[in-house]
Amino acid sequence: NIYPLMYKPPYWFYDNIKVSDNSIEKLRENLSEVELIDNHKTTFHMENQEIYPTSFINEQYNMIVEGIVKSVGMFHKSTYTYKFWSQYYEKGDYIAEHNHTPSDISWVHFLDVPKKKCFRFTDTTGNTLVPDEQNSGDIICFPSWVWHETIPTDDARLIVSGNINFTFYA
């Protein structure tokens, strides 16, 4: 008997790291000034990460990204760069399917999200997988070539996403 293959993209749960209510409110406030792009508010297109509306949490993401790189066994075998950005979704906002090539590892930190799980992986034939790990504080990682999207949300949703690029392998 031949059974159809179940769609299971490669991804992993990294950790649950809560961000303070003050930081969440500051991010929301800062993102209220950002223009709506592709059906959600994002700092992705801003060039200078040092002056992002998220720059006040740079140090926290330095540690998170270092932890992700260590968790895949590459910390002592490579050098890396990374970029992160914030995204704020209001009711009905979404982002269409996309991937993050040519980066190596992508990640999503669900900061303040509703119960409805809006992030999902998808493939080019319409198969989807909704990760269980989408509670406030959860961080999931995946190869950057994996397609994903956010379906329209029923409530406000705040996340930080990022990409890691390995620049040297020992």
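Taking Cα centroids, how far is region 62-121 from region 148-166 in Å?
Here the two parts' Cα centres lie 7 Å apart.
If amide hydrogens are placed 1.01 Å from N in the peptide plane, which non-local residues have theirs closer than 5 Å to the one on residue 78?
Sorted by chain and number, the residues that satisfy this are 170.
Could you tally up the Lys pairs in the chain with alpha carbons closer than 21 Å? Skip any pair fewer than 8 positions apart unless they're on separate chains.
20
Is the C-alpha gyration tensor of region 11-152 telling us rounded, prolate or oblate? Criteria: a/c under 1.5 is rounded; beyond that, a/b larger than b/c is prolate, otherwise oblate.
rounded
Please identify the longest segment of the chain free of exposed trypsin sites (Lys or Arg not before Pro), where exposed means a DSSP state other than H, G, I, E or B and no more than 13 other Cβ atoms within 10 Å.
19-76
Rounded to two decimals, what ratio of Rg to Rh does region 109-170 give with C-alpha atoms and a Kirkwood Rh?
1.02
Once a ≥ b ≥ c are taken as the square roots of the eigenvalues of the Cα gyration tensor of region 59-133, is the result rounded (a/c under 1.5), prolate (a/b larger than b/c) or oblate (a/b not larger than b/c)?
It is prolate, given that a/c is not under 1.5 and a/b is the larger ratio.
What is the percent carbon and sulfur in the accessible area of region 122-170, measuring with a 1.4 Å probe over the protein chains and ignoring ligands?
53
Can you tell me the accessible area per residue over the chain, all protein chains present, probe 1.4 angstrom, in square angstrom?
55
The values are calculated or read from the model by the stated rules, or taken from the named source; none is laboratory data. Note that this is a predicted model, so its numbers are computed, not measured. Here the Cβ is made from the backbone with ideal geometry for all residues, glycine too, and neighbour counts use every protein chain on show. All accessible areas refer to the heavy atoms of the entire protein, side chains included, with ligands and DNA or RNA removed. Shrake-Rupley method; radii C 1.70, N 1.55, O 1.52, S 1.80 Å.
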